[in-house]
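Inspection log for the structure reproduced underneath, given as structure tokens.
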Amino acid sequence: DAGVIQSPRHEVTEMGQEVTLRCKPISGHDYLFWYRQTMMRGLELLIYFNNNVPIDDSGMPEDRFSAKMPNASFSTLKIQPSEPRDSAVYFCASTPNRAHNEQFFGPGTRLTVL
Amino acid sequence: SQKIEQNSEALNIQEGKTATLTCNYTNYSPAYLQWYRQDPGRGPVFLLLIRENEKEKRKERLKVTFDTTLKQSLFHITASQPADSATYLCALDVNAGNNRKLIWGLGTSLAVNP
């Protein structure tokens, strides 16, 4: 199994540009989570999906952030327009079902907004 | 306010000794508590889960305790090895409205010296 796949691994962009992060969860996993990690705030849940449907987006910082899951094998997190304070590592994680507690994380995307 | 705290200072120990990491929380009532390991440039990896009605859980050289009265979990690595050097994260599995989510500590950095 390839595990959770994220792309790109690194992204450097300028303030105001649109950024799209991509995630492919483990096949058969019904839940997909997007997290942001910074030194000051640690891991923060942004949004999670169950069977491609967004369940809880209360962690999405503001309207500049949006996430979609058009099918069971693909999700995107978009930031438009990006700001320097969005610089962080963004992780995608998946889990088979809600009764299964362990989350499987991807390698993350390191985003730098100049 | 709700908080989850881990040792903020890095922990340095000698190979072969037992490492003990602490996770304290306030104003949460977690059903489960999880421990993850994170290496630089990688996503967290699940290690152990302990339920609210369990006092202790073991897995090979790892031991986790959970005291819901003290609102504290201790994570022990016995016979530590340099390969155990990493950041260790605790995460509370809590109910938030109709949803369950993981709330994460900032992590404790462990260095095992040969």
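Which length gain, in nm to one decimal place, applies between B:T22 and B:A96 when the Cα-Cα distance is subtracted from 0.36 nm times their residue separation?
Length difference between fully extended and current span is 24.2 nm.
Cross-link check: pairs A:K68/B:K71; B:K71/B:K101; A:K68/B:K101; A:K24/A:K78; A:K68/B:K3 evaluated at a Cα-Cα cut-off of 25 Å; pairs beyond the cut-off: A:K68/B:K71; A:K68/B:K3. Relative to the Cα centre, the charge distribution of the protein assembly as shown, modelled as +1 at Lys and Arg Cβ and -1 at Asp and Glu Cβ, gives a dipole magnitude of about 360 debye.
Note on B:32-45: average number of Cβ atoms from other chains within 10 Å of each residue's Cβ is 4. Loop-resident GluC sites (Glu not before Pro) (DSSP state other than H, G, I, E or B) in the range B:21-104 with no more than 14 further Cβ atoms inside 10 Å of their Cβ: B:E52, B:E54, B:E60.
Here the range A:72-114 is scanned for amide nitrogen atoms under 12 Å from the site 7 Å beyond the Cα of A:R22 along Cα-to-Cβ, giving A:74-77.
How large is the charge dipole for the range B:13-58, taken about the Cα centre, if only the Cβ atoms of Lys, Arg (+1) and Asp, Glu (-1) carry charge, to the nearest 20 debye?
About 80 debye.
Listed by chain and number, the lysines placed with their C-alpha closer than 18 angstrom to that of B:K17 are B:K59, B:K63; residues fewer than eight positions away on the same chain are left out.
None of the figures in this text is laboratory data; all of them are computed from the coordinates on show. Small disclaimer: the values here were computed from a predicted structure and weren't measured. With ideal geometry, Cβ positions are generated from the backbone for all residues, glycine too; neighbour counts draw on all protein chains shown.
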